[in-house]
1. What single numbered condition from (1) out of contact with any Asp or Glu (no Cβ under 8 Å at 6 or more places or on another chain); (2) among the hydrophobic types (A, V, I, L, M, F, W, C); (3) within 16 Å of Pro121 (Cβ to Cβ) fails to hold for Ile104?
2. Among the residues of the stretch 62-100 satisfying the criterion of being touching a Leu at 6+ places or on another chain (Cβ under 8 Å) and over 17 Å from Leu127 (Cα atoms), which is surrounded by the fewest Cβ atoms within 10 Å (Cβ to Cβ)?
3. I need every pair where a residue in the stretch 113-126 that is in contact (Cβ under 8 Å) with a residue 60 or more places away in the chain and surrounded by 13 or more Cβ atoms within 10 Å (Cβ to Cβ) has its Cβ under 6 Å from the Cβ of a residue that is of a type outside the set (A, V, I, L, M) and outside any loop (DSSP other than H, G, I, E, B), sequence separation at least 6 or different chains.
4. Restricting attention to the stretch 71-128, which residues are more than 12 Å from Phe58 (Cα to Cα) and β-branched (Val, Ile, Thr)?
5. I'd like the full set of residues that are without any contact (Cβ under 8 Å) to a residue 24 or more places away in the chain and charged (D, E, K, R), limited to the stretch 45-86.
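Values quoted throughout were computed directly from the atomic coordinates according to the rules given, and no laboratory measurement underlies them. Predicted model, so just to flag it, every value in this text is computed and none were measured. Reconstructed Cβ throughout: ideal geometry from the backbone, glycine too, with neighbour counts over all protein chains shown.
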Amino acid sequence: MARRNNQLNQREMKVIQSEVIHDSFNFDELFMLFLQDGNLRNLRPHTLTYYSNELMSFRKALETLELDTTPAKIKPDHINQFIIYSKDILELKIVSINTRLRAIRAFFNFAYKHGYIPKNPFANIQLL
């Protein structure tokens, strides 16, 4: 029996590389997957509406701030800019901002857990 050399062959490398498709999902596609998952988990229609409204507000804010909306490219800095924008420009109360942050966190937790994004930008973001 031959000794294992701990090297991957070309076929094994292709399998690993084909699973890394983080940039292939835009915001809308991943959002639809998130809502489908919510339906499968039997979330209340009100909860799905809440997620939909808050995530669309987040996306619109990112576009207004001229930031990339591709989920795999969103960084913690983008979320901090969103918080500042919500606070200073939209003049939202802290409770309203936290409500949005909870929905956005659920979205990114889903995306990271299922491997759609390489890093969760909400890993170290706290509520206000």
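1. (1)
2. Asp68
3. Ile117/His22; Ile117/Pro71
4. Across the stretch 71-128, the qualifying residues are Ile84, Ile89, Ile94, Val95, Ile117, Ile125.
5. Those that are without any contact (Cβ under 8 Å) to a residue 24 or more places away in the chain and charged (D, E, K, R): Lys60, Glu63, Glu66, Asp68, Asp77.
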